[in-house]
1. Quick check: is even one residue across region 129-148 of a type in the set (D, E, K, R) and within 22 Å of E86 (Cα to Cα)?
2. Could you figure out which of (1) surrounded by fewer than 17 Cβ atoms within 10 Å (Cβ to Cβ); (2) without any contact (Cβ under 8 Å) to a residue 40 or more places away in the chain; (3) over 33 Å from the mean Cα position of the chain (by Cα) isn't true of N570?
3. Starting from residues that are in a strand (DSSP E or B) and within 14 Å of E206 (Cβ to Cβ), keep the ones in region 155-177 and report whichever is nearest to the chain's Cα centre (by Cα).
4. Would you point out the residue of region 597-609, among those that are surrounded by fewer than 19 Cβ atoms within 10 Å (Cβ to Cβ) and either acidic (D, E) or outside any helix (DSSP H, G or I) (or both), that is farthest from the chain's Cα centre (by Cα)?
5. Residues that are in contact (Cβ under 8 Å) with a residue 12 or more places away in the chain, part of a loop (DSSP other than H, G, I, E, B), in contact with a strand residue (DSSP E or B) (Cβ under 6 Å, 6 or more places away or on another chain) and within 30 Å of R413 (Cβ to Cβ): does region 335-352 have at least one?
6. I'd like the full set of residues that are buried (at least 19 other Cβ atoms within 10 Å of the Cβ) and not in a strand (DSSP E or B), limited to region 374-398.
7. Being assigned to a loop (DSSP other than H, G, I, E, B), in the same structural domain as I1198 (by TED's automatic domain parsing), at negative phi and more than 60 Å from the chain's Cα centre (by Cα) is true for just one of E1115, E1110. Which residue is that?
8. Among the residues of region 262-276 satisfying the criterion of being without any contact (Cβ under 8 Å) to a residue 24 or more places away in the chain and over 51 Å from the mean Cα position of the chain (by Cα), which is surrounded by the fewest Cβ atoms within 10 Å (Cβ to Cβ)?
Amino acid sequence: MRNLICLIFPLVFLTLPLLADGSEKSYFFDTISREDGLSNSSVSSIQQDSKGFLWFGTQSGLLRYDGYIFEKWSHNAFDTNTLPHELVQTLFIDEQDIIWVGTYNGLSRFSPLEGTFTNYSYETESDSSISNSIVTAIAKDSRGRIWAATLDGLNRLDGDSGGFTKYFHDEKDPSSLADNVVRSLLTDSAGRLWVGTLGGMDLYDEESDSFIHYNIFPSSYVMKIMELDSDTLLVGTWDGGLSEFSISRKSISHKSFANNSVYSIETDSSGNIWVGTWGGGLFIYNRKDDSVVRLQSGPGDLSLKSDTIYSLFRDGSGDMWVGTNGGGVSVLNPGKQDYNFLSADSPAPPVIDQGKVNALLEDREGYFWISIYNKGINRVNPHNGEIIRFSREADNENRRLENNIVADILEDRDGNIWIATNEGLNMWNPLNDEMHRISLKALTGYSRNDYYIFTGIYQDSEGIFWAGTHNSGLIRYDSAKNSSQLYSMDPENESSISDNLIYDILERKNGQLWIATNKGLNLLDRKTGLFTRFLLDRSNRTGINSNNVRQLLESRNGELWIGTGGGGINRYNDEDGTFTHITNNEGLSDNFIMSLVEGDGGKLWIGTKYGLSIYDRESGKIDIIDSNNGLKSPEITSGALKGSDGQLYFGAADRVYRFHSSLADRNSIISRIHVTSMEIGGEKYDDFLSYRPSGNIKLGYSDSRYISFDFVALNYLESREISYTYKLEGFDREWRTPSTRRYAIYTNIPPGSYIFKIKASLDQRDWKEMEVPLNFTITPPLWRQWWAYLIYALVFTAILYLMISLRINRIRREQLLELQRTETYLSEILNSMPSLFMAIDDNRIITQWNKETEKHYGIGPETALGKDILSITDDIPLSAEEIELCMNKGEIISKSRRIEGADQQIRCESITIYPIISHGIRSAVIRIDDVTKEVQLEEALVQNEKLLSIGGLAAGMAHEINNPLAGMIQNVSVLQNRLLKSEGKRINEEAARKAGLTPEQIMAYMEERKIPQIFEAINTAGRRISDLVKNILSFARKGSSEFSEEDLAELMDSALTLAATDYNVERTFDFRKIRIDKKYEENLPPIMCERTNIQQVLLNILKNGAQAMEAKGEESPCFTIEIYRDKEAGTIVLSIKDNGKGMAPEVRKRIFEPFFTTKQVGVGTGLGLSLSYFIIRENHKGNIKVDSSQGKGTRFTIELPLNRAV
């Protein structure tokens, strides 16, 4: 239950003067609403079972309440084990804790122990059913029979049959029920059954099975009957008020209220009668003085939530519960009071000014002086509520202050009021109503400012005034002599006051004068004027624990108490000069102390920024009053006092609080502690452990993995303040650390007997222990039962008897198992080998056949094992003679072979036979490895060596050809010059004449014989040979792998030239017969590349294309070569397309794999295109791709980046 403070005032109390002495009785309630878990705001009935749990009947089901949470039972039309109706009208709990529920659909019996409902509904066709659906009251008579009142008759439940005996009003029978509408039932202490009807009150006569009528009340509508004592009944009637009926005298006395529609009655622990009315609120009747307090609903949280009182109940702790129709349920909290004395938001006068209260004073006339920050002073007349304001702005000069910030107020021994402000000291004389300004400047010689900022004023036993200042130190003022003395801090004098900011001044009974400063506590020797300082020394644990000393108080027993700003409170020990510290570690609400007052019983009331702490010096207990207990503004200020009425007053923001000094004596108790439920393995074991008979719970071994307990201590007023500790005896060594947690979890508890104990406390000092601890036993598992041990002994004997034979068998089995493991291991090794592996015995019978062999031959081991190896397949590359030779001579035989696979690819195999001789038995192991790639690599290396040799030879031959070729070309040029006319030149005429010829004749002869054309043909052939030699030298020259700017078109043409002059004797095609179609984009930019490598790539592609076209038998072989720029991609694209035979898809996918070739052995190595792929992709960061279809030719596309960094 949330401790919401609903301080509910009777209206009569609100009409009294607000500043009354507070002795009038007030009633304050905690209210439980739907926000707190109440299922419905209309609570028709309240009862308490023997375990202390409260049960609420509402218009939305049945509730059980433990001070924290509600458990609800409601109606479910499809479940018979529920309430018969959602609306509960009345409750009755018998001595066995059976909950009898009166609903709008009959009577229901609920057993918490069994968790079952037995429902008795009204049935029109049944003579034995209850007489009406709406049950208004329930009682149990002296013979243990249940009676149920309804709106149409009275019913008695016959336990054996489950039927009802019904009683109705019969006008012809005067001894019949007075009226069919029955509203109340009561079995009194003498066992008599009283019945309240709308026709008066009846007494049931057991002997005659009839009724005696008492219709002597102001109203015949009897709504409630309650026993006050053995001879007196309280009878509440509708519109008739309250009557006291004397059983012996058969007479009544009547009490009328402002509203007489009585619906419920209860008595409190003080003997007052609580009368709940339907619409008129709650009346509390004191029979001793015949006084009545009326509580009604009103605006805000300070009133009842509804004037319709549905139910009243006093629980076992004496707490009074009020169920309303629409306003939830409230419980009287006698430990609470209305703390507000004066406030700025009071709905009725007097209303003080807004602001923080700095100082409080009650003068000898009973007036309250209230200093409000920056608002001056409000003086409040407690008799009429009049407020007189003293401020800087006051029109009356005798109300005018020097400054509105008033730090302290003092009444001197003559009745004058001294006011310490931020701009000086004022004194008001009440006899002549005059305000005087007290100037101490001239007397002290203070000259830094025109005024002092005062922080406090104090008068000692000799009449001397002591004034504290904000920054000037301490002033002693003798008003009789009009003299003063200033005590200021001197950094060079350790006997001076420790700081100039003074917070408080106190003269003790022994005459010592103590001063609280912003830097330490000081004791003044008034004779010498020297100060003894008490300062924080962190190495001294018994010294004062804070230099910020704010408050001083001497208790009635002579102890000096010091309130600090950050160190809590300190007590000075006169005997040894040490200090005792009480801080938030001991329970203070905060360590910054704003005020100190001593209350009744020597208890210290300590104001902090987080509420009030009430310290009991004898027990050490600390109670807290804060916003959770009704303080609207929990930050207490420095203004505090104990009034002449014995009550305590504390200032806060916008208000002054008043507290009964005895408030701290409230004695809230914990009535019961229960384990409410238990979970095993995350599933509910029991939700009603509280109702089980005490005993030992037996749990299985598997249950011990996870066990949890939910528990509760019953205190309905301060449930949120309860701390818990628990211990599982037999498992826990110590009690668990106290906390507000209400559950415990244990895991993996070993078998054994355990006792789960709980303790609860409201202050963690006084602990109440669970009355009946929970005992449970975790049984051992089956294998740890006594009979299990007997079986173990028998089994052990049998095992011992069989041990020798079993040991032998076990050794054999282990050996066999080891052999099997070895065989399995060997088989796994063989199956993991990439080689074909077969083992045969001396008869060539197969004993091992690994996975690779199975894959190669397509024959599984189940077929191969046990067969002759030469008969299993024709593809075994061995003869019987070779096998015999290996076995007989013990020699390893190795051989190899080349075979053509199903894919027309040539594979190379290495075959080895290993002889094995073990214990005279001959056998052999055959291993076949595919060494195709190794052979191809070896051949490729040989081919590369040949190419290197040919390259060197070609380079040498080129040099040898180049020299005579140069001479030939030069001589032909000389012949042309001498024999032919050319532009700008003429034939040597002189030489012609010597030969008897003219130049014309020579030219005619030359032209007739076509000599000029022959010269031109020789020149053309020479230039071709020169270009060829140049390309051969360029290609054969060892590359430096350096990048340079190259013209891709020129590289392509150079490659074409080389391809056309490739005189490989093994080729079967003539490259010169291939038509070349060129499509070069003009003005192509150069690219960065390795010239020789790119030439090699182009030659590989051209050579492969030429071979493909020759293989196809193409009559018009043609290369289509395109070179263009892809500006978007930033590349130069070169495309070479042939019209050869093309490639199948499976060949195209593998075209760039190393050693992959479709050519015959010796024609190609399978490395050309893979090297080309590497050169383009890795060396030049370009791309090469192929597009080909069978019969349609092949296109190679090369993309080289333009911006490749060198």
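1. No, the conditions are met nowhere in region 129-148.
2. Of everything listed in (1) surrounded by fewer than 17 Cβ atoms within 10 Å (Cβ to Cβ); (2) without any contact (Cβ under 8 Å) to a residue 40 or more places away in the chain; (3) over 33 Å from the mean Cα position of the chain (by Cα), N570 misses just condition (1).
3. Filtering region 155-177 for residues that are in a strand (DSSP E or B) and within 14 Å of E206 (Cβ to Cβ), the one nearest to the chain's Cα centre (by Cα) comes out as R156.
4. Among them, the one singled out is D600.
5. Yes, region 335-352 contains a residue that is in contact (Cβ under 8 Å) with a residue 12 or more places away in the chain, part of a loop (DSSP other than H, G, I, E, B), in contact with a strand residue (DSSP E or B) (Cβ under 6 Å, 6 or more places away or on another chain) and within 30 Å of R413 (Cβ to Cβ).
6. The answer is K375, P382.
7. Every option except E1115 fails the conditions.
8. Within region 262-276, the match that is surrounded by the fewest Cβ atoms within 10 Å (Cβ to Cβ) is G271.
The values are calculated or read from the model by the stated rules, or taken from the named source; none is laboratory data. Quantities reported herein were computed from a predicted structural model and do not represent experimental measurements. Because the Cβ atoms are built from the backbone with ideal geometry, glycine has one as well, and the counts that use them run over all protein chains shown.
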